[in-house]
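Heads up: the structure comes next, in structure tokens.
Each value in this text was obtained by applying a stated rule to the coordinates, not by laboratory testing. It should be emphasised that the depicted structure is a prediction, and the values quoted were computed from it without experimental measurement. All Cβ positions, glycine included, derive from the backbone under ideal geometry; neighbour counts span all protein chains shown.
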Protein chains: 2
Amino acid sequence: MKKNNHGMKRAMEKSNNNHQFRRDPISGNWSLIINDEKELRKLAEDYKRKTVEDINPKSKYAEGNEGATPPEIFAIRDPGTNRNDRGWKVRVLPNNDPFLQIHGDLDNRGAGMYDVMNGIGAHELVLESPTPGEHLADMSSEQLQNVLAAYRERILDLKRDTRFRYVLLHKSHGEGDEDLLHHSHSHVIATPMTPPRIKVELNSAKDHYDYKERCLFCDIINQEISEKERIISENEQFIALSPFASRTPFEICIYPKKHQTFFEWNTEFSQLATTLKTVLGRIKSILNDPKYIMVIHSGPNIAAGKRRGYWKTIERDYHWHIEITPRFHGLTSFYIGSGFQINVASPERAAGILRSGRF
Amino acid sequence: MKKNNHGMKRAMEKSNNNHQFRRDPISGNWSLIINDEKELRKLAEDYKRKTVEDINPKSKYAEGNEGATPPEIFAIRDPGTNRNDRGWKVRVLPNNDPFLQIHGDLDNRGAGMYDVMNGIGAHELVLESPTPGEHLADMSSEQLQNVLAAYRERILDLKRDTRFRYVLLHKSHGEGDEDLLHHSHSHVIATPMTPPRIKVELNSAKDHYDYKERCLFCDIINQEISEKERIISENEQFIALSPFASRTPFEICIYPKKHQTFFEWNTEFSQLATTLKTVLGRIKSILNDPKYIMVIHSGPNIAAGKRRGYWKTIERDYHWHIEITPRFHGLTSFYIGSGFQINVASPERAAGILRSGRF
């Protein structure tokens, strides 16, 4: 409900503006798109992260301090270097303060009319650079490919555990305590049920395929390629775009152009690294290094699913993608009560800015 | 993903704690409940609102400055006082900077595979007291009943407009610019489609009734009354409780105990005012006057719906309620990517605190 009260004059001006509800065909939710140039220009200021000056080069997560962390689960390393020692490019640790517990059996039960499941899962920390302060947008293509390869390894490995229905790659840039705040990192989180947002996407994708015999996401990609105005960046394999019903200004979605269900079935990441570097570089430079969330929405764990007969059509229906969401602020109170998201930047305008690199 | 890193010791301690996924039978979403006493105690500090010292008694919304605002749409007044003059108890204005436009016809159309609707709607501002700084928690029962009666009037009136599928009463306490920040107010927002959260509730309620021939909400109320531990306050007509799968610490839901579909079908509000005053007073005193959101989830606009044959079973299925959500913070990044909400206070613990008035 945060909106300035500059009086009736502005309200009148605004009635001439783009003022649309748009439905997202994936989530089924409606966003209210209010393209408001004044608010848009304030974003670059509002989105500013907390100070980044105090990067700690002696952080326990920096190369050389491997003894100060729990033993590594996985690392991509220079040849000839040792586990839990120098020479790593990407390093994966158990999360110190996990909100899910790795040990135990699943206990899924009813409690009267309610459903309860114990908090079994995995929570790992991916250190994406040996150097504090080096973020994804600054990395060489080679290092970005290492990071993506590490995501792949952990997702594949955790999916061997059939207690887990889903493995989510979750990055929250500019968030984290102490040393982590300024050290590029992501979380790999394995959960005993499919996350609600993924479940909605799976259901929409299945309905769309059942009805049209085409992949929902492929249809979106085709329409976006023909309309062009929401495309930010494109190469042979990948397309980055501002979603038609963006929930938040400068939301970005990256799709493989060819139908593919699972992120982790890729073994080569050079074009994805190029696309990521482009879009993360743009939001960093245009919005002054904002906080953002990045998630990989890959297909669910078919090893866990098949056993139960779920999602037989998953490879047909689902199309993995990456969502990047600069952190919204202020406007979310209406969302909490109603589910309507209000967005002050039209996706066409946002894509134009991200494509050109300037307002 | 904001969690402190106090090392393995805390992680070990935590494995003994309540650590549960719980499914909300209304939204279908899962919350991860991690009862964390340390985080819980920090909330009272974190939840502190911005300074409330600078209440402006000369605010344009204060009694006596009626000429500085747009003309009133509705007011509850002392007998013999005039429109747009002193003597009001509750006053409703058009919102100065609405995000929906009242004028125009609905234009619902497809755009390729997407759906678009123009931003037609109504957006009104309810001034809940003639005195800046007097909030719902501080009011006399009589004044709270005036406020509830004003909500009712505006909802009834806006529902006469069949362009509107829904009328939402939305309050965001501690938010707003300039004079509004410290002047108790709510928004009445009429929208041309049912808000996504209400739609999910309507669907769950219908599924439940179709299957069990009972109201979903009545079933919840019955289970809560028999289990007792999540009840905060109860009188003859109303019950206030911490929802089983609370999305956020100290979330509160108020239900009429007898099945009723529409808030606005009430004409007498004394018991509801008592319940509201109790729970808002508790969160004010325990959590240092936090920001919170309050919404009334009433049934949709059957005048608009009937014409189209929707929701024939609405009076059977749906049960109105009030949701109160202290503003969460920090932990929401995981929610944005996954749809899982993480809550550091179990509803049983939260209800115990709210019931007793102390930690």
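Quick look at the numbers
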item: Within the stretch B:232-322, GluC sites (Glu not before Pro) in DSSP loop having at most 13 other beta-carbon neighbours inside 10 Å; result: B:Glu236, B:Glu268
item: Cα-based shape type of chain A, given that a ≥ b ≥ c are square roots of the gyration tensor eigenvalues and the cut on a/c is 1.5; result: oblate
item: Within straight-line cross-link reach of B:Lys228, aspartates and glutamates at Cα separation under 16 Å, skipping those fewer than 8 residues along the same chain; result: B:Asp219, B:Glu236, B:Glu348
item: GNM top mover of B:Gly174, B:Gly299, B:Gly339 - chain B, alpha-carbon springs below 10 Å; result: B:Gly339
item: Inter-chain shielding of B:181-193 (mean C-beta neighbours from other protein chains, 10 Å cut-off); result: 2
item: Protection proxy ranking of B:179-190, B:273-284 - average other beta-carbon atoms within 10 Å, highest first; result: B:179-190, B:273-284
item: Inter-probe distance in nm under a simple model that places probes 7 Å from Cα toward Cβ, at B:Gln223 and A:Asn82; result: 5.5 nm
item: Cα centre as origin, Lys/Arg/Asp/Glu Cβ charges: chain B dipole, Debye; result: 900 debye
item: Selection from A:Ala149, A:Ser172, B:Met139, by position along the positive dipole direction of the protein assembly as shown (Cβ); result: A:Ala149
item: Chain B - Cys residues lacking any other Cys C-beta under 4.7 Å; result: B:Cys253
item: Set A:Lys171/A:Lys291; A:Lys60/A:Lys171; A:Lys60/A:Lys89 screened for pairs whose C-alpha atoms are more than 18 Å apart; result: A:Lys60/A:Lys171
item: Charge-dipole axis of the protein assembly as shown as Lys and Arg at +1 and Asp and Glu at -1 on Cβ define it, positive-most pick from A:Phe250, A:Ala351, B:Asn29; result: B:Asn29
item: Among B:Ile239, B:Gly337, B:Asn288 - extreme Cα towards positive end, dipole of chain B, charges at beta-carbon; result: B:Gly337
item: Peptides ranked, highest mean first, by Cβ atoms within 10 Å: ranges B:162-168, A:212-218, A:92-98; result: B:162-168, A:92-98, A:212-218
item: Other-copy label distances relative to B:Lys312, 7 angstrom Cα-Cβ extension, nm; result: 3.2
item: Alpha carbon centroid spacing (whole Å) that separates the stretch B:243-303 from the stretch A:58-123; result: 41 Å
item: Label point 7 Å beyond Cα along the C-beta direction, distances from B:Pro70 to other copies (nm, shortest first); result: 5.5
item: Where Rh is the Kirkwood radius over Cα pairs, Rg/Rh for the stretch B:66-191; result: 1.03
item: Shape of the stretch B:53-109, Cα gyration tensor, a/c cut at 1.5; result: oblate
item: Chain A, helix-only ellipticity at 222 nm - DSSP H runs n ≥ 4, -39,500 (n - 2.57), divided by all residues, nearest 500; result: -9500 deg cm²/dmol
item: 10 Å Cβ neighbours from other chains, averaged over peptide A:335-345; result: 6
item: The protein assembly as shown: C-alpha pair distances exceeding 33 Å, %; result: 51 percent
item: Shielding by partners - mean other protein chain Cβ count within 10 Å, residues of A:25-35; result: 3
item: Per-copy distances of the B:Lys58 label point, shortest first, in nm (7 angstrom along Cα→Cβ); result: 5.5
item: Dipole in debye (nearest 20) - the stretch B:66-191, about Cα centre, beta carbon charges: Lys, Arg +1; Asp, Glu -1; result: 540 debye
item: Kirkwood Rh, Cα atoms: Rg over Rh of the stretch A:119-235; result: 1.04
item: Cα gyration tensor shape for the stretch A:217-310, rounded if a/c is under 1.5, else prolate or oblate; result: prolate
